[in-house]
Every structure is written in structure tokens, then in C-alpha cells.
Amino acid sequence: MTMTEKIIKDLRLSNERFLHTLGVADCVKRLAERHFPLLSTEKLEVAALLHDFTKEYSTDKQLVLCKKYNIVMTDEEAKTPKLYHAKTAAAIAKDTYGVDDYTASAIYYHTTGRANMTDAELCLYFADYIEDYRTDKACIKVREYYQKLLAKERDHLVALKKGVLYSYDSTIMHLIKKGENINPTTIEARNQLVDEIKQNGERKTKNDRQRTGKKSK
Ligand code: DGI
Ligand code: FE
Ligand code: FE
């Protein structure tokens with residue numbers, strides 16, 4: 001039995017969550033092939049299959065796992081049970097399935113994202129948002145925005161980064177509307193991408209001006 005077959009057999013998820021998980025596994029491979037061809041798609045597929053492994057566990061069961069694996073949380077995170085599953089799933093991925101730290105970190109940050117994400121973190125975070133089985137409006141909008149950018153941007157990495165930024169904005173606005181707290185990691189991640197995209201744009205404009213001989217204002 002391969003590792004992916006074993007994980008699929010071990011998953012105890014509702015039908016909807018199971019389909020979402022398969023959707024993420026498919027999407028993460030496509031994202032990696034497009035943007036980061038050197039990444040191991042096998043490892044990413046394992047991360048995708050495990051990313052919501054504990055999502056449907058009760059809060060109590062999650063807390064038991066947090067204790068078992070010495071998962072460190074800020075007081076604020078501790079007040080947000082929706083964030084637990086990413087951390088507990090990452091711990092199980094390492095402990096039970098021998099996933100390496102680099103890959104487990106993609107599971108750990110798949111809900112909040114973080115500033116300066118690794119290539120694997122970017123792929124899993126975004127695949128979780130835009131995979132084909134996601135049908136809510138916000139996800140569809142992010143998916144379509146990213147697809148449009150792929151057609152428009154010469155550098156496809158810019159399309160990915162802008163897509164991720166749009167997803168952060170969407171999540172933050174959704175949480176505000178619902179009167180929920182916002183994890184500072186997501187805010188930091190959002191601000192870092194805003195800076196990165198701005199600097200990228202300025203560098204490109206400068207290079208274009210140098211190529212065309214046009215003076216900058
Ligand atoms: O597990 P999934 O449903 O596939 O997706 P996910 O891991 O991105 O979790 C999404 C849920 O997490 C959604 O209900 C919003 C919630 N969430 C994400 N970031 C924050 C958050 N909730 C709070 N309160 N604060 C956050 O920063
Ligand atoms: Fe999740
Ligand atoms: Fe998910």
C-alpha cells in the first residue's frame with residue numbers, strides 16, 4: 001500500500017470534507033507544477049491529504065492533541081478553536097506518517113497563512129482556498145481572479161501572489177463581517193504580500209523604463 005492509499009484509508013471525514021481533501025490534493029499538484037516545478041508533488045499530495053485530518057474532531061479532542069504534542073499557542077489562538085486543526089494535523093502528519101518538517105509546516109499554516117511563506121506553504125494554503133469543490137462565493141471569486149491574472153501577468157508567480165493576497169483580504173473582510181477576531185499571523189501575512197507586490201511592481205516599471213529608454217518622472 002502506498003502512503004497516499006494508507007492516508008486515504010485512515011481519513012475519517014464527512015463526504016463533503018473528503019471530496020474537498022481530494023480536491024486540494026489535485027489542486028496543490030497543479031499549482032506546484034505551474035509555479036514551483038522543483039517541488040516534490042508526492043510530498044505535497046501527502047500534505048494535502050492530511051491537511052484537514054483533524055478538522056472534524058471535537059474541540060476537546062483537539063485540546064488533548066495540543067497537550068500531547070506540546071503545541072504552543074498564543075492566548076488569542078487558544079480562543080479560536082477553528083485554528084486548532086491545522087496545528088494538530090501537522091503534528092499527526094509528523095508523528096504518525098513521518099512527514100518532514102518542511103512539508104508539515106505547509107499543513108501547520110494552511111488556515112492562517114504567514115508572512116514569507118515557503119513554496120510548499122503557498123501551494124497548500126492557496127489550493128485549500130481555490131480547489132474545484134469549493135463552492136462559496138469568496139472562493140469562486142478568488143479562483144476566477146487568479147485565473148484571469150494567469151492570462152494577464154507575464155510572471156505567473158505574480159498571479160499566485162496576487163491571488164493569495166486577494167484571499168487574505170477576503171478572509172479578513174469575512175471575519176470582520178461576522179464579528180470574529182482575526183489572527184495576527186494573517187494580518188502580518190497580508191501586509192508582507194502588499195509590500196512584496198508593490199516592490200515587485202516598482203522594480204518592473206524601473207526595468208521597463210531602462211529597456212525603453214524612457215526617463216522616470
Ligand atoms: O478547513 P477548511 O474549511 O478547509 O479551511 P481553513 O482551514 O482555511 O479554515 C477556514 C475556517 O477558519 C473559516 O471558518 C474561517 C476560520 N478562520 C481562518 N482564519 C481565522 C479564522 N477564524 C478566526 N476567528 N480568526 C482567523 O484569523
Ligand atoms: Fe483546514
Ligand atoms: Fe481544507
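The values are calculated or read from the model by the stated rules, or taken from the named source; none is laboratory data. Values in this document were obtained by computation on a predicted structure and should not be read as measured data. All Cβ positions, even for glycine, are placed from backbone atoms using ideal geometry, and neighbour counts span all protein chains on display.
The table for this structure:
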quantity	calculated
Filtered residue count, the stretch 10-34, keeping only those that are buried (at least 18 other Cβ atoms within 10 Å of the Cβ) and more than 13 Å from ligand 1 (Cβ to nearest atom)	3
Residue list for the stretch 35-44, filter: exposed (fewer than 14 other Cβ atoms within 10 Å of the Cβ) and assigned to a helix (DSSP H, G or I)	E42
Search result, residues across the stretch 187-202 that are within 21 Å of L157 (Cβ to Cβ) and in contact (Cβ under 8 Å) with a residue 12 or more places away in the chain	E188, A189, R190, N191, Q192, L193, V194, E196, I197, N200
Condition check for M117: among the aliphatic types (A, V, I, L, M), farther than 22 Å from E5 by Cα, more than 15 Å from ligand 2 (Cβ to nearest atom) and modelled with pLDDT of 95 or more	yes
From the options N191, N200, residue that is over 25 Å from E76 (Cβ atoms) and not acidic (D, E)	N200
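For every residue, the table says whether it meets (1) within 24 Å of A47 (Cβ to Cβ); (2) out of contact with any Leu (no Cβ under 9 Å at 6 or more places or on another chain); (3) surrounded by fewer than 14 Cβ atoms within 10 Å (Cβ to Cβ).
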residue	(1), (2), (3)
T111	yes, no, no
E121	yes, yes, no
F126	yes, no, no
E131	yes, no, no
Q147	yes, yes, yes
K161	yes, no, no
I176	no, yes, yes
